[in-house]
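K.L.:
Following this message is one structure expressed as structure tokens.
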Amino acid sequence: MLLAPLVAVPLAAGLCAALIVALQPLLRRYALARPNARSSHTVPTPQGGGIAIVLAVFATVGVVLALRGAGLDALEALVLAHAVLLLAILGAVDDIRPLPASLRLGVQGLVVAGLVLAVGGRLMPGLPLPLERGVAILSGLWFVNLVNFMDGLDWMSVAEFVPLTGALVFLGLSGGLPFLPMLVAAALLGAVLGFAPFNRPVARLFLGDVGSLPLGLLGAWLLYRLAAEGGLAAAILLPLYYLADATLTLGRRLLRREPVWQAHRSHWYQRATDNGFPVVAVVGRVFVLNLALAALASATLLWPSWPVTVLASGAGGALVASLLHAFGRRRGPG
């Protein structure tokens with residue numbers, strides 16, 4: 001089992017970087033992201049780096065499974081592969097020619113619902129099954145979209161997904177996650193690391209919706225699988241900064257009766273750059289926070305007890321609130 005991430009991480013990283021180098025001329029020609037009301041960049045920049053991430057994850061998982069030769073839940077793996085591919089195609093089309101929000105949301109909802117039903121399992125046996133499934137579908141749909149919303153700054157997705165997937169690999173090796181989710185997490189970790197050099201500030205390449213939508217779906221599935229293994233608190237702690245920033249921003253905009261479907265720059269990480277924080281300072285703080293959240297999430301599974309869960313959850317919430325507060329204040333000189 002230890003061999004899987006040792007193979008998957010460097011293989012996915014190398015494949016992703018090689019694919020980006022090969023695809024960049026096409027992306028410069030057909031997939032330029034032009035600055036808009038939401039953008040943090042000021043010049044047209046190629047997008048579509050997510051194509052390389054998706055292909056690298058597919059190839060790496062396929063190679064490792066072929067080498068391992070062990071049986072898995074074929075239905076779940078098949079549904080996951082098709083769901084990721086469908087969202088990647090949806091995102092690629094939207095990157096080139098923007099689609100109606102209703103169409104995007106409808107396809108995403110169908111994909112997430114199919115994946116939740118394929119996974120099965122129970123998170124909260126005390127709830128009626130239809131209610132639990134409905135909550136899981138809405139949560140997955142929100143996570144797919146919030147990853148897209150939060151991918152608005154160089155290295156932001158890297159700062160989120162490297163600690164998250166790294167923690168999931170660690171938990172898989174510790175017995176807290178089945179083999180397939182651990183393998184996908186390792187492949188995704190490697191692919192994001194392969195993408196990182198091209199996205200470092202000032203970025204030469206963006207994920208695009210072709211990357212952020214599948215990334216959000218894979219993240220949602222991994223967290224759902226973690227929760228189904230008894231790690232519900234860990235599944236909430238790992239993406240807590242993303243959840244807090246995106247959800248609070250949406251709530252604030254709804255209260256102000258702003259059109260939430262339109263591009264904007266009111267997320268806390270965006271306000272931080274407007275308040276004088278350099279991009280590297282913003283993503284650096286988010287990365288360090290996510291490392292802390294990964295440690296707290298791991299603690300809830302390594303030492304399962306209600307005192308540890310309560311303390312870890314409280315500490316995670318306090319850390320996230322502290323960073324949001326810092327981002328919302330104007331940075332002084334120096």
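The values are calculated or read from the model by the stated rules, or taken from the named source; none is laboratory data. Here the structure is a predicted model, which means the values were calculated and not measured. Note: ideal-geometry Cβ built from the backbone for every residue, glycine included; neighbour counts use all protein chains shown. Protein only, heavy atoms only, side chains kept; ligands, DNA and RNA dropped before computing areas. Shrake-Rupley method; radii C 1.70, N 1.55, O 1.52, S 1.80 Å.
K.L.:
Could you work out the Kirkwood radius for the chain, taking every pair of different alpha carbons, averaging 1/r and inverting it, reported in Å?
P.N.:
Numbers: mean 1/r = 0.0497 Å⁻¹.
Taking every pair of different Cα atoms in the chain, averaging 1/r and inverting gives 20.1 Å.
K.L.:
Further question on the same structure: Under a 10 Å cutoff between Cα atoms, tell me which one of G121, G49, G166 has the largest fluctuation in the Gaussian network model of the chain.
P.N.:
It is G121.
K.L.:
So who's got an amide H within less than 5 Å of the one on F206, skipping anything under 5 residues away but keeping other chains? H placed 1.01 Å off N, in plane.
P.N.:
Residues meeting the amide H criterion: Q47, G48, G49.
K.L.:
No solvent, one uniform scatterer per C-alpha: report log10 I(q)/I(0) for the range 215-334 via the Debye equation at q = 0.11, 0.20 1/Å, two decimals.
P.N.:
Each listed q corresponds, in turn, to -0.43, -1.13.
K.L.:
At 1.4 Å probe radius, can you tell me the per residue accessible area of the range 197-331 in Å²?
P.N.:
With all protein chains present, the range 197-331 gives 44 Å² per residue.
K.L.:
Separation of the range 225-299 and the range 104-160 by C-alpha centroid, Å?
P.N.:
The two parts, judged by their Cα centres, are 16 Å apart.
K.L.:
While we're looking at this one, here's another question. Rank L207, L183, L117 by mean-square fluctuation in a GNM of the chain with C-alpha springs under 10 angstrom and give only the top-ranked residue.
P.N.:
Of L207, L183, L117, the most mobile in the Gaussian network model is L117.
K.L.:
How long is the gain from R28 to L99 if the chain were fully straight, where each residue apart is worth 0.36 nm and the alpha carbon distance is subtracted?
P.N.:
23.5 nm
K.L.:
Going by average Cβ density within 10 Å per residue, which order do the peptides 250-256, 195-201 take, highest to lowest?
P.N.:
Final packing ranking: 195-201, 250-256.
K.L.:
Per residue, what accessible area does the range 90-142 have, given a 1.4 Å probe and all protein chains present, in Å²?
P.N.:
Per-residue accessible area for the range 90-142 comes out at 54 Å².
K.L.:
In nm, to one decimal, how far is the modelled label at A281 from the one at R200, with both set 7 Å along Cα→Cβ?
P.N.:
2.0
K.L.:
How much length is gained on full extension from R257 to V310, taking 0.36 nm per residue of separation minus their Cα-Cα distance?
P.N.:
15.6 nm
K.L.:
Report the relative contact order of the chain, percent, no decimals, based on alpha-carbon pairs under 8 angstrom and at least 6 residues apart.
P.N.:
Reported as a whole number, the value is 25 percent.
K.L.:
Starting from the Cα-Cα distance between H82 and A66, subtract it from 0.36 nm times their residue separation and give me the gain in nm to one decimal. Provide the component values of the computation, followed by the final result.
P.N.:
On the way: separation 16, 0.36 × 16 = 5.76 nm, distance 1.87 nm.
Extra length available between H82 and A66 comes to 3.9 nm.
K.L.:
Shifting gears a bit: Would you please give the FRET efficiency between A18 and A74, computed as 1/(1 + (r/R0)^6) with r the Cβ-Cβ distance and R0 = 25 Å, to the nearest 0.05?
P.N.:
0.25
K.L.:
Also, quick follow-up: May I ask you to derive the FRET efficiency for I89 and L3 from their Cβ-Cβ distance with R0 = 35 Å, giving the value to the nearest 0.05?
P.N.:
With a Förster radius of 35 Å, E is 0.60.
K.L.:
Would you mind telling me the share, in percent, of accessible area of the chain contributed by carbon and sulfur at probe 1.4 angstrom?
P.N.:
With neighbouring chains kept in place, the figure for the chain is 70 percent.
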